[in-house]
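Asker: Below is a structure I'd like to ask you about.
The values are calculated or read from the model by the stated rules, or taken from the named source; none is laboratory data. Computed from a prediction, not measured in an experiment: that's the story for all the values here. Heads up, the Cβs are rebuilt from the backbone with ideal geometry, glycines too, and the neighbour counts pull from every protein chain shown. Ligands, DNA and RNA are stripped out before the accessible areas are found, and what is left, the full protein with its side chains, is counted by its heavy atoms. Shrake-Rupley method; radii C 1.70, N 1.55, O 1.52, S 1.80 Å.
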Amino acid sequence: MSSSRPSDHAELTHPNPPGDQPDPADLPDVAATEPDVFARGVGFSDASGSSSDSGSASDSGSLGESDRPTIQDRLAEVRGRIRPWSAWTLRAKLVASMLALFTVLSLATSAFTVVALDRQLMSQVDDQLRTSVSQLVNGRPFDTGLGDRDGGGPRGPGDEGLIAFFPTSPTADVPAPAGTASAGGHDRTPLSSTQLTDLSAAGVGMEPTTVKLGGLGPYRLVSSTGSLVNPQTRTVTSGTFVVGLPIEQQQHTVQRMVFLAISTLLGGILLVAVLGTWLVRRNLEPLRRVAATATKVSQTPLASGSVAIAERVDPVDTDRRTEVGQVGAAFNDMLDHVDEALNARHRSEQRVRQFVADASHELRTPLASIKGYAELSRREPNAVPPTVTHAMGRIESEANRMGSLVEDLLLLARLDAGRPLEEAPVDMSMLVINAVSDAHAASPGHHWDLDLPPEPVEVRGDSARLHQVVTNLLANARTHTPDGTRVTTSVRPEGEWVRVAVHDDGPGVPESLQPNVFERFARGDDARNRAKGSTGLGLSIVAAVSKAHGGRVELDSRPGDTTFSLLLPAAS
């Protein structure tokens, strides 16, 4: 400040009404008298330099660019690692939902708190500024005016503050804008020309405005029109007063509140994650026990035989007043109904099997009588008309076929009843040789091949039933393939199993029939026409006998390549 300025003896008057707002355009442009802060071109490069730099950077950046994964590749990799929401467990969904809800509410609450605190502190500063402006409007004297020391009178808002005067028309008393600022205590520092320029360019009015002043930090400022009067010369200098308060402390307070809110939010998220996981796990424990019971029931064999489902949900988890209890109670009710239905099915199957066994047993005697009388008619010494001879021959043939059907039904009934089979070492190589010899004699039009290992292969089982199984497989190939078909029977040990396979290059089993080919009375379509009559029980006997021996049957069929396989446990 110039020492010639008579501010120490100036007196403040206000020709303008207190309610008038000063026009920022009336503030003198201090920047016009100051040199440019930045020289032309500082911080910028010319076009040629920029182009060369970018070109070199482009050349260096293009090296190996094709080998680097793109952002899309990285995003696709991240998306591949994240399971979709539908694949999350219920526990994970509940915990994630709680965390998301807590985070959203906490963020909203923290943001509201920080904003409210900032507005409250800023409102207090604005009230102090309005009070200071009111003191100027009311014409309170300033003993030191804009001097460097405070004479004990009001200096402005609070112990820290800023006051500046911008004359409308410079006078000898106030030839240029001037002002002082205090950072605490009673010492004031004159404002520099740069700081005055910032004040002039800020367009401060009656409404508080935040301006960041170099060397002083952020200030909250208001302005008011007024005049300085020199009591000695009575010279009046009109202009604009600018009064401000530092808000750096308020900003630090808000920043501390933001840090506290973020810390509290992170701690809350961690606490909710731990406690929420424990609570969800604890409350879903009954549902887990219900699921465990359902898993045990799903592993119970229910396909055939007498089934007793002993598993039930614990009564503790069947309280119908809770959602999980309703699920547990409904599951128990369902198990009761399923158990009753399975037992009813078993009783029905038992009655049918008993009926088939009784009927087959009762049919054996009349069938034997029919075949006996038919055979006796051929021994009749007297001449019998040809038509009668033909009729008796057909009766004997159908009686034999009926007898075979009855024997098959009786065998299936015994196997269904679980009657034990004979168990003795059986040489499958010799058994297959005999069966293929019989098949060759029955159908010389087929080509019968054997593929046997050099050493005998043994299993333990019922020799007669196993011979019947192999015979049925060969009869199936003979019956459902035309003459000239090559049928190859092989025996191979496979670890703990012995595989007996019958392969033919015939038309194959229709795809629609393959799932049910081992069912009883399964019939083929025109693709596998039978050259001779068939009861439809041959392959079902193969499946039943193999199951009774602890084995299984397999089918792999396509036109020109059909293989029926019998797998039996190898003899230890």
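Asker: Just to be sure I understand, how many residues within the range 269-303 are over 25 Å from the mean Cα position of the chain (by Cα) and in contact (Cβ under 8 Å) with a residue 24 or more places away in the chain?
Answerer: The qualifying residues number 3.
Asker: Would you confirm, using the coordinates I've provided, whether LEU474 is modelled with pLDDT of 90 or more and outside any strand (DSSP E or B)?
Answerer: Yes.
Asker: Just a yes or no: is a residue in the range 105-119 over 20 Å from THR264 (Cβ atoms), assigned to a helix (DSSP H, G or I) and open to solvent by 50 Å² or more (accessible area, probe 1.4 Å)?
Answerer: yes
Asker: Would you mind telling me which numbered condition in (1) without any contact (Cβ under 8 Å) to a residue 60 or more places away in the chain; (2) farther than 26 Å from LEU415 by Cα THR471 fails?
Answerer: Status for THR471: all satisfied but (2).
Asker: Let me ask something else. Note down all Cβ pairs under 6 Å where the first residue falls in the range 75-96 and is touching a residue at least 40 places away in the same chain (Cβ under 8 Å), the second is open to solvent by less than 60 Å² (accessible area, probe 1.4 Å) and outside any helix (DSSP H, G or I), and they're at least six residues apart or on different chains.
Answerer: Matching pairs, first to second residue: ARG91/LEU284.
Asker: For PRO175, work out the one condition from (1) under 18 Å from THR225 (Cα atoms); (2) open to solvent by less than 60 Å² (accessible area, probe 1.4 Å) it doesn't fulfil.
Answerer: Here PRO175 clears every test but (2).
Asker: Please verify whether PRO246 is over 40 Å from the mean Cα position of the chain (by Cα), open to solvent by less than 90 Å² (accessible area, probe 1.4 Å) and more than 30 Å from ALA172 (Cβ to Cβ), treating the condition exactly as stated.
Answerer: yes
Asker: Could you list all residues from the range 415-430 that are assigned to a strand (DSSP E or B) and either free of Cβ contacts under 8 Å to residues at least 40 places away in the same chain or open to solvent by 50 Å² or more (accessible area, probe 1.4 Å) (or both)?
Answerer: ALA424, PRO425, ASP427
Asker: Another question about this same structure. Can you tell me which of VAL487, VAL509, VAL498 is farther than 23 Å from ASP408 by Cβ, open to solvent by less than 20 Å² (accessible area, probe 1.4 Å) and touching a helix residue (DSSP H, G or I) at 6+ places or on another chain (Cβ under 9 Å)?
Answerer: From the options VAL487, VAL509, VAL498, the qualifying one is VAL498.
Asker: Run GLN232 past the list (1) modelled with pLDDT under 85; (2) touching a strand residue (DSSP E or B) at 6+ places or on another chain (Cβ under 8 Å) and report the number of the one that doesn't hold.
Answerer: The number of the failed condition is (2).
Asker: Does ARG320 qualify as being open to solvent by 60 Å² or more (accessible area, probe 1.4 Å) and in a helix (DSSP H, G or I)?
Answerer: Working: open to solvent by 60 Å² or more (accessible area, probe 1.4 Å): yes; in a helix (DSSP H, G or I): no.
Considered against the rule, which asks whether it is open to solvent by 60 Å² or more (accessible area, probe 1.4 Å) and in a helix (DSSP H, G or I), ARG320 comes out as no.
Asker: Considering only the range 120-168, state which residues are of a type in the set (Gly, Ala, Ser), surrounded by fewer than 18 Cβ atoms within 10 Å (Cβ to Cβ) and modelled with pLDDT of 50 or more.
Answerer: SER123, SER134
Matching residues to (1) touching a residue at least 12 places away in the same chain (Cβ under 8 Å); (2) surrounded by fewer than 16 Cβ atoms within 10 Å (Cβ to Cβ); (3) in a helix (DSSP H, G or I):
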site: ALA341; (1), (2), (3): no, yes, yes
site: ASP358; (1), (2), (3): no, yes, yes
site: ASN382; (1), (2), (3): no, yes, no
site: ILE395; (1), (2), (3): yes, yes, yes
site: VAL406; (1), (2), (3): yes, no, yes
site: VAL432; (1), (2), (3): yes, no, yes
site: SER437; (1), (2), (3): no, yes, yes
site: PRO444; (1), (2), (3): no, yes, no
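Asker: Considering only the range 464-480, I want to know if a residue exists there that is open to solvent by 40 Å² or more (accessible area, probe 1.4 Å) and small (Gly, Ala, Ser).
Answerer: For the range 464-480, residues open to solvent by 40 Å² or more (accessible area, probe 1.4 Å) and small (Gly, Ala, Ser): present.
Asker: Among the residues of the range 411-462, count how many are within 18 Å of GLU494 (Cα to Cα) and of a type in the set (D, E, K, R).
Answerer: 5
Asker: Another one. Any residue in the range 203-224 that is at pLDDT below 85 and polar (S, T, N, Q)?
Answerer: yes
Asker: Can you tell me which residue among ARG351, ARG312, ARG289 is assigned to a loop (DSSP other than H, G, I, E, B), basic (Lys, Arg) and open to solvent by 60 Å² or more (accessible area, probe 1.4 Å)?
Answerer: Values: ARG351 fails: assigned to a loop (DSSP other than H, G, I, E, B); ARG289 fails: assigned to a loop (DSSP other than H, G, I, E, B).
Sole residue among the options that is assigned to a loop (DSSP other than H, G, I, E, B), basic (Lys, Arg) and open to solvent by 60 Å² or more (accessible area, probe 1.4 Å): ARG312.
Asker: Let me ask something else about it. When you look at PRO366, is it over 29 Å from LEU466 (Cβ atoms), part of a loop (DSSP other than H, G, I, E, B) and over 60 Å from the mean Cα position of the chain (by Cα), yes or no?
Answerer: Judged against the criteria, PRO366 is not a match.
Asker: Pick from the range 226-240 the residues that are part of a strand (DSSP E or B) and open to solvent by 10 Å² or more (accessible area, probe 1.4 Å): which of them is farthest from LEU191 (Cα to Cα)?
Answerer: Looking at residues that are part of a strand (DSSP E or B) and open to solvent by 10 Å² or more (accessible area, probe 1.4 Å), I get VAL236.
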